């Protein structure tokens, strides 16, 4: 906290919208109703967010709406940021769920009861990679369908149900594809 | 962080011409690396960036709807009506809490009086009156002058809000009435008086009387009537018997007719 204060004085910038302010400080300012801080936060995070969303949704208009919704949610929900962890990850968590909400109203995916015990965690995947090395080539050999469920669950941090909505497939299919993907990855890395 | 995404990889990622495994790497890294996020940001489409921001700013500047408004809309109430009702001054939480407390005290008084429902029955009809005083008067509503000049100002607005007040009052009083000691027909005997006093007050407002004066006069008249009938007759709850109920029904109808006939008078600013 002290360090940031010193940085801001040295930089001579006007408050938290200056380039030296951390994301956390900006979120704190947004919580106080500082629109300039929201703009600064948007300048830092709007672009990568739009690009990343575009890889999950082909309709650019929806992507724009979701980015908009996300920063409005940041504006209104800044108090809910717990003050720890990457602000980028927090923003991504909001954005991907907004995207799913948008897609949910478009295509009705059948909801099946879910068993959460089948999902690999991001940690699990990372451990697989560290232990066995060549994760990249193993991932490369997965079919696009299997990679898509790995992306939705391990990389995007979604639950089976959320991943199902995002990909437009039933949750049961997400689970079977996940199991298959894990098996293939294990075999490739063994 | 010592590792960063190489410029060609970033370009490939932005253009979408990248294999998925590499994209995974970029995305996992970008979430944790401000330097690489910046590298992505300088490749932004500026027009689009500003277009999205314009939408965000518009959303910020638009007033947030209250929870009550969202609830009303979810129940199928028209947008403009929902806003009108949600901004009704006396439907704010503080008013509802005050009414609930008043009714609770009335129930307690009735219980303390050996189960005599008179205190409750005398008070319950005054609740919507107090609400209406706040519903349509300069003291309570900061947008009072503005509302007089709007197309749905004056009479329509007063009716909409009075109906809302009456509905909430009746609901609250109805809940409170279930806590009366021996709740027989007496538990509902306040309903017609409440409706009658409300309509009479509204009709009185359409004359040169201010809302506060009208409500105070009608309210005091009501209390005098209740006390006097209670003292003069031997029958308990004389002011709430079948004959009295009929009289209230007739009075309500008469006041409604007056209200309809004189509604143009309410469109003019009343003296507060």
Residue tally, condition touching a residue at least 12 places away in the same chain (Cβ under 8 Å) and more than 8 Å from chain A (Cβ to nearest Cβ), over the range B:11-21 | 1
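Here are some residues: B:31, B:40. Which one is modelled with pLDDT of 90 or more, touching a helix residue (DSSP H, G or I) at 6+ places or on another chain (Cβ under 6 Å), surrounded by 17 or more Cβ atoms within 10 Å (Cβ to Cβ) and within 11 Å of chain A (Cβ to nearest Cβ)?
Details: B:31 fails: modelled with pLDDT of 90 or more.
Criteria check complete, one pass: B:40.
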Is there a residue in the range B:52-67 that is buried (at least 16 other Cβ atoms within 10 Å of the Cβ), in a loop (DSSP other than H, G, I, E, B) and modelled with pLDDT of 80 or more?
-> no
Verdict on residue A:95 being within 17 Å of residue A:69 (Cα to Cα), within 13 Å of chain B (Cβ to nearest Cβ) and at pLDDT 55 or above = yes
Candidates B:228, B:200 - the one that is modelled with pLDDT of 75 or more, surrounded by fewer than 18 Cβ atoms within 10 Å (Cβ to Cβ) and closer than 18 Å to residue B:248 by Cα = B:228
Conditions (1) more than 19 Å from residue B:82 (Cα to Cα); (2) crowded, with 20+ Cβ neighbours inside 10 Å; (3) modelled with pLDDT of 80 or more -> residue B:192 fails only (2)
Specify the residue that is nearest to the chain's Cα centre (by Cα); the eligible residues are those in the range A:46-70 that are more than 7 Å from chain B (Cβ to nearest Cβ) and surrounded by 23 or more Cβ atoms within 10 Å (Cβ to Cβ).
-> A:49
What is the residue count in the range B:205-221 for residues that are touching a helix residue (DSSP H, G or I) at 6+ places or on another chain (Cβ under 6 Å) and modelled with pLDDT of 80 or more?
-> 4
Just checking, which of B:77, B:99 is modelled with pLDDT under 85, touching a helix residue (DSSP H, G or I) at 6+ places or on another chain (Cβ under 6 Å) and over 30 Å from residue A:45 (Cα atoms)?
-> B:99
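Look through the range A:36-45, keep the residues that are facing another protein chain (nearest Cβ under 8 Å) and in contact with a helix residue (DSSP H, G or I) (Cβ under 6 Å, 6 or more places away or on another chain), and return whichever of them is farthest from residue B:57 (Cα to Cα).
Quick first cut of the range A:36-45, residues facing another protein chain (nearest Cβ under 8 Å) only: A:38-39, A:42-45.
When the remaining residues are screened for being in contact with a helix residue (DSSP H, G or I) (Cβ under 6 Å, 6 or more places away or on another chain), the result is A:38, A:42, A:45.
Working: A:38: 10, A:42: 11, A:45: 16 Å.
The qualifying residue farthest from residue B:57 (Cα to Cα) is A:45.
Go through the range A:71-89 and give me each residue that's assigned to a helix (DSSP H, G or I) and within 10 Å of another protein chain (Cβ to nearest Cβ). Reasoning before the result, please.
The first filter runs over the range A:71-89 and keeps only residues assigned to a helix (DSSP H, G or I), leaving A:71-80, A:87-89.
Passing the criteria: A:71, A:72, A:73, A:74, A:75, A:76, A:87, A:88, A:89.
On the given criteria, is residue A:137 within 13 Å of chain B (Cβ to nearest Cβ), more than 18 Å from residue A:92 (Cα to Cα), surrounded by fewer than 21 Cβ atoms within 10 Å (Cβ to Cβ) and at pLDDT below 85?
Details: within 13 Å of chain B (Cβ to nearest Cβ): yes; more than 18 Å from residue A:92 (Cα to Cα): yes; surrounded by fewer than 21 Cβ atoms within 10 Å (Cβ to Cβ): yes; at pLDDT below 85: yes.
Yes.
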Odd one out for residue A:130 among (1) surrounded by 13 or more Cβ atoms within 10 Å (Cβ to Cβ); (2) modelled with pLDDT under 85 = (1)
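Could you list, in sequence order, all residues of the range A:9-30 that are over 19 Å from the mean Cα position of the chain (by Cα) and either at pLDDT 90 or above or surrounded by 18 or more Cβ atoms within 10 Å (Cβ to Cβ) (or both)?
At the first step, the residues of the range A:9-30 found to be over 19 Å from the mean Cα position of the chain (by Cα) are A:9-22, A:25-26, A:28-30.
Result: A:16, A:17, A:21, A:25, A:26, A:28, A:29, A:30.
The values are calculated or read from the model by the stated rules, or taken from the named source; none is laboratory data. The model shown is predicted, which means the values in this text are computed figures rather than measured ones. Every residue, glycine as well, gets a Cβ built from its backbone with ideal geometry; the counts of neighbours run over all protein chains shown.
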